[in-house]
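What follows is one structure encoded as structure tokens, with my remarks underneath.
Readers should treat all values here as calculations from the given coordinates under stated rules, not as data from a laboratory. All of these numbers come straight from a predicted model, not from anything done at the bench. Cβ placement follows ideal geometry from the backbone for every residue including glycine, while neighbour counts extend to all protein chains displayed.
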Amino acid sequence: MSELGAGRRGAPRIVVRTRAVTLHLSGSAAWGTAGCADEAAEVARALIGDQVSEVMVVLHMDARQGVVGFTEVARGGINRSSVTARDVFLPALAANACSIALAHNHPSGSVQPGEADRRCTASLWWAGYYLGVPLLDHVIVCRDSHYSFRAAGFFKQLEADGGRCLSCGEALHPVG
Ligand SMILES: [Zn+2]
């Protein structure tokens with residue numbers, strides 16, 4: 001379920017509610033940009049780096065890749081298969097985001113992605129590709145380090161692979 005509400009007339013404020021969690025706002029100046037992995041990670045660490053449980057957020061970017069808001073799509077023992085493209089992209093489209101970045105924290109302190117992280121990233125990357133709201137990065141953050149799927153070359157591999165999930169080999173879109 002999502003709910004959109006405008007702030008004061010003319011104010012660029014968007015409140016998005018998904019599931020039970022109230023999300024957020026806007027005002028790009030305060031949020032810096034997330035056009036590269038370091039910046040996305042910096043924003044993500046500020047948002048969720050200290051969380052003691054796992055939290056997944058979607059950063060919404062404007063045309064200049066400035067972060068203009070975010071939505072929280074999952075919290076707690078996150079089952080990746082329950083994070084759907086609908087959860088991720090519906091609020092992003094409603095917020096008129098030009099692109100998005102995904103971020104979640106690993107309270108364990110190790111930022112290495114798991115199998116489910118890769119699978120989820122591949123699906124959402126293709127979803128963004130077809131929706132025209134590209135997934136620019138997926139960063140995993142801890143308090144003092146991060147992992148970037150983009151920097152690791154994961155998206156390039158996806159493109160080169162012609163639409164098959166790197167993890168399971170399942171076709172994610174019609175090839176050709
Ligand atoms: Zn993870």
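General remarks:
- Long-range HN-HN contacts of residue 138 with modeled amide H, under 5 Å: 102, 149, 150
- Simple label model, 7 Å out from Cα along Cβ direction - residue 52 to residue 131, nm: 3.3
- From phi via Karplus (6.51, -1.76, 1.60), per-residue ³J(HN,Hα) for segment 100-117 in Hz, x at Gly/Pro: 9, 9, 9, 8, 9, 9, 10, x, 5, x, 9, 8, 5, x, x, 4, 5, 4
- The slack in the chain from residue 94 to residue 38, taken as 0.36 nm per residue of separation less the alpha-carbon distance, amounts to 17.5 nm.
- Sorted largest first, extent of segment 59-98 alpha carbons per principal axis (Å): 33, 16, 11
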